[in-house]
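Asks: This is the structure I want to talk about, given as structure tokens.
The values are calculated or read from the model by the stated rules, or taken from the named source; none is laboratory data. Small disclaimer: the values here were computed from a predicted structure and weren't measured. Please note: Cβ atoms are built from the backbone with ideal geometry, for glycine as well, and neighbour counts cover all protein chains shown. Protein only, heavy atoms only, side chains kept; ligands, DNA and RNA dropped before computing areas. Shrake-Rupley method; radii C 1.70, N 1.55, O 1.52, S 1.80 Å.
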Amino acid sequence: MTAQTSFFENVVRYVDRAAALTSHPPGLIEHIKICNSVYHFEFPLRRFDEKGQEYFEVIKAWRVEHSHHKMPTKGGIRYAPDVNEDEVKALAALMTYKCAIVDVPFGGAKGAIQIDPARFERDELERITRRYTHELVKKNFIGPGVDVPAPDYGTGEKEMAWIADTYEAMNPGALDALACVTGKPISQGGVAGRREATGRGVFYALREACAIAEDMKNLGLAPGIAGKRIIVQGLGNVGYHSAKFCREEGEAIIVAIAEREGAIFNPAGLNEEEVFQHRRSTGSILDFPGATNIPNSVDALELECDILIPAALENQITEANAGRIHARIIAEGANGPTTPGAEKILEDRGILVIPDIYANAGGVTVSYFEWLKNLAHVRIGRMGKRYEAAQERRLVQMVEAITGKSLSEKDWNMLSKGPDELDYVKSGLEETMVFAYQNMRETWKSRKELPDLRTAAFYIALEKVAHDYKELGVFP
Ligand code: GLU
């Protein structure tokens, strides 16, 4: 955020840049930019101080639905102590463009509760979450065909399970009730692979970008993600899984990890799971064996590397540090980590920024699969697993008969097991991320007025949303 503009205004600036290249009737872009419904409410929470004295804490909460061009609207719920209405509006707007980029048929929304979850007991968090859901039900801001929340910063499967349970209790007998929220535990209607989906999506995005030799040459890098040195900011769900898949499947090297209390650096490579366990047991990421401490967390963004993955919060790459960033590629795991002022500097320096509305869309993509699963009332792949396994076995037997060679037992078992839910989710996510990257890059390269991938992404998203409004007959 620059001194003059808020997060929501920053998003509007990105939209305006892309909108200037479109030719839609007056008012249409204006209509797309605004948030359709903003619901702010407050409720009291009964608590007790150390002396056992009862008191009430008033909790501020929001749900913002940015665009209803497609229904339901979709987006996470954030629990953070300093979240505000402007931030929720910005995040809701980003959801609209994100869904459009990856062809997920939802409008954008976002919710927030202004609390630091660490200050509350588990049963208090449960009461807060259930009360929040209650308010959403009363005002028709939640429902499988209305608005479908999901996890975001500070929330996870536990909160989603409470939301689903509260919604079900308030809608007895509603057949599709579980589709009112995604990111649930698997036993409560969740889908395999949702937890790690955003990080997996970041990995697919990077793998795709790095596979294009021409672009890598322009950046002074060798093609391929293998061996690339990566800095990850944030060891939450997105940062942890981005690091894991880039390291395990991409064979990249995680040279630094930054968290609130500081960062650690080891050019020989870090293992995110070991770092996570170290942080859990010592309470800090610092003093990790073999790594150098970087006491000021933001300094880590400027370390020597090839790729930077900001996967924490918004406004991390600003005019103040953009000129000193070493990375040649930035993959935005977080929402809004780069300010428009910083973007200009990165662009002038020839850094490839893979924008948030594409790079972190893996989460909502798999949420879409979960929603479909809930509406279908069947585990993904249940009907076809055995059939496909039998087909694969037949094919292998034919090849064996023709070649006279036979597969090892291990390969045979692997080939003939048939796809399960996770296989389908991974394949659907990979296809989505690969296709969207190619589309975005082709658009960028084919129109010289598009300065970067972000503007190309907003341009594509705007065209899709505008097309929907026109088809709806709302605009000529
Ligand atoms: N909170 C995530 C995001 O910002 C996921 C949203 C969803 O799954 O609906 O994309």
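Asks: Please go through region 1-12 and pick out each residue that is open to solvent by 30 Å² or more (accessible area, probe 1.4 Å) and either modelled with pLDDT under 95 or on the phi > 0 side of the Ramachandran plot (or both).
Replies: Met1, Ala3, Gln4
Asks: Condition first: buried (at least 24 other Cβ atoms within 10 Å of the Cβ) and within 11 Å of the ligand (Cβ to nearest atom). Now tell me which residues in region 72-89 satisfy that.
Replies: Within region 72-89, Thr73, Lys74, Gly75, Gly76, Ile77 meet the criteria.
Asks: Moving on. Quick one: in region 165-178, which of the residues that are of a type in the set (D, E, K, R) and without any contact (Cβ under 8 Å) to a residue 60 or more places away in the chain is surrounded by the fewest Cβ atoms within 10 Å (Cβ to Cβ)? Let's see the steps before the verdict.
Replies: Let us first name the residues in region 165-178 that are of a type in the set (D, E, K, R), namely 165, 168, 176.
Subset that is without any contact (Cβ under 8 Å) to a residue 60 or more places away in the chain: 165, 168.
Working: Asp165: 19, Glu168: 15.
Result: Glu168.
Asks: Okay, next question. From Tyr132, Tyr153, which residue is within 16 Å of the ligand (Cβ to nearest atom) and either acidic (Asp, Glu) or within 18 Å of Glu42 (Cβ to Cβ) (or both)? Walk me through it before giving the result.
Replies: Details: Tyr153 fails: either acidic (Asp, Glu) or within 18 Å of Glu42 (Cβ to Cβ) (or both).
Just one listed residue meets the conditions, Tyr132.
Asks: Which residue pairs have Cβ atoms closer than 7 Å, lie 6 or more positions apart in sequence or on different chains, and pair a first residue in region 139-153 that is farther than 12 Å from Lys184 by Cα and open to solvent by 30 Å² or more (accessible area, probe 1.4 Å) with a second residue that is among the hydrophobic types (A, V, I, L, M, F, W, C) and at pLDDT below 95?
Replies: So the pair list comes out as Tyr153/Leu313.
Asks: Can you pull out the residues in region 269-285 that are closer than 27 Å to Glu208 by Cβ and open to solvent by 60 Å² or more (accessible area, probe 1.4 Å)? Talk me through it step by step, then tell me what you get.
Replies: Residues of region 269-285 that are closer than 27 Å to Glu208 by Cβ, as a first pass: 269-273, 275-276.
Of everything in region 269-285, those that are closer than 27 Å to Glu208 by Cβ and open to solvent by 60 Å² or more (accessible area, probe 1.4 Å) turn out to be Glu273, Phe276.
Asks: Please find, among Val181, Val191, the residue that is without any contact (Cβ under 8 Å) to a residue 60 or more places away in the chain, β-branched (Val, Ile, Thr), within 16 Å of the ligand (Cβ to nearest atom) and under 26 Å from Ile357 (Cα atoms).
Replies: It is Val181.
Asks: Ok, one more. Aromatic (Phe, Trp, Tyr) and touching a strand residue (DSSP E or B) at 6+ places or on another chain (Cβ under 9 Å): which single residue out of Phe288, Phe369 fits that description? Let's see the steps before the verdict.
Replies: Working: Phe369 fails: touching a strand residue (DSSP E or B) at 6+ places or on another chain (Cβ under 9 Å).
After applying the criteria, what remains is Phe288.
Asks: Test Gly323 against the criterion of being open to solvent by 20 Å² or more (accessible area, probe 1.4 Å) and either over 30 Å from Glu430 (Cβ atoms) or within 12 Å of the ligand (Cβ to nearest atom) (or both), and give yes or no.
Replies: Working: open to solvent by 20 Å² or more (accessible area, probe 1.4 Å): yes; either over 30 Å from Glu430 (Cβ atoms) or within 12 Å of the ligand (Cβ to nearest atom) (or both): yes.
When the stated conditions are applied, Gly323 passes them.
Asks: Of the residues that make up region 339-361, is at least one in contact (Cβ under 8 Å) with a residue 40 or more places away in the chain, open to solvent by 20 Å² or more (accessible area, probe 1.4 Å), in a loop (DSSP other than H, G, I, E, B) and on the phi > 0 side of the Ramachandran plot?
Replies: Yes, region 339-361 has at least one match.
Asks: Give Val425, Val399, Val434 a once-over and let me know the one that is β-branched (Val, Ile, Thr) and surrounded by 22 or more Cβ atoms within 10 Å (Cβ to Cβ).
Replies: On the way: Val399 fails: surrounded by 22 or more Cβ atoms within 10 Å (Cβ to Cβ); Val434 fails: surrounded by 22 or more Cβ atoms within 10 Å (Cβ to Cβ).
Testing whether each residue is β-branched (Val, Ile, Thr) and surrounded by 22 or more Cβ atoms within 10 Å (Cβ to Cβ) leaves just Val425.
Asks: Among the candidates Ala192, Ala177, Ala150, Ala161, single out the residue that is over 17 Å from Leu372 (Cβ atoms), at pLDDT 95 or above and not basic (Lys, Arg). Give the derivation first.
Replies: Values: Ala192 fails: over 17 Å from Leu372 (Cβ atoms); Ala177 fails: over 17 Å from Leu372 (Cβ atoms); Ala150 fails: over 17 Å from Leu372 (Cβ atoms).
The conditions single out Ala161.
Asks: Let me ask something else. Arg47: open to solvent by less than 40 Å² (accessible area, probe 1.4 Å), part of a strand (DSSP E or B), within 16 Å of the ligand (Cβ to nearest atom) and in contact with a helix residue (DSSP H, G or I) (Cβ under 9 Å, 6 or more places away or on another chain), yes or no?
Replies: Details: open to solvent by less than 40 Å² (accessible area, probe 1.4 Å): yes; part of a strand (DSSP E or B): yes; within 16 Å of the ligand (Cβ to nearest atom): no; in contact with a helix residue (DSSP H, G or I) (Cβ under 9 Å, 6 or more places away or on another chain): yes.
No; evaluated as a whole, the condition is false for this residue.
Asks: Tell me, which strands (runs of 3 or more DSSP E) wholly within region 211-285 include 3 or more residues that are over 25 Å from Val434 (Cα atoms)? Steps first, answer last, please.
Replies: Values: elements: 229-233, 253-259, 262-265.
Result: 253-259, 262-265.
Asks: Among the candidates Glu126, Glu159, single out the residue that is touching a residue at least 40 places away in the same chain (Cβ under 8 Å) and part of a helix (DSSP H, G or I).
Replies: Working: Glu126 fails: touching a residue at least 40 places away in the same chain (Cβ under 8 Å).
Sole residue among the options that is touching a residue at least 40 places away in the same chain (Cβ under 8 Å) and part of a helix (DSSP H, G or I): Glu159.
Asks: Answer yes or no: is there a residue in region 230-241 that is more than 21 Å from Gly362 (Cα to Cα), open to solvent by 10 Å² or more (accessible area, probe 1.4 Å) and modelled with pLDDT of 95 or more. Walk me through how you get there before you give the answer.
Replies: Let us first name the residues in region 230-241 that are more than 21 Å from Gly362 (Cα to Cα), namely none.
No: zero hits.
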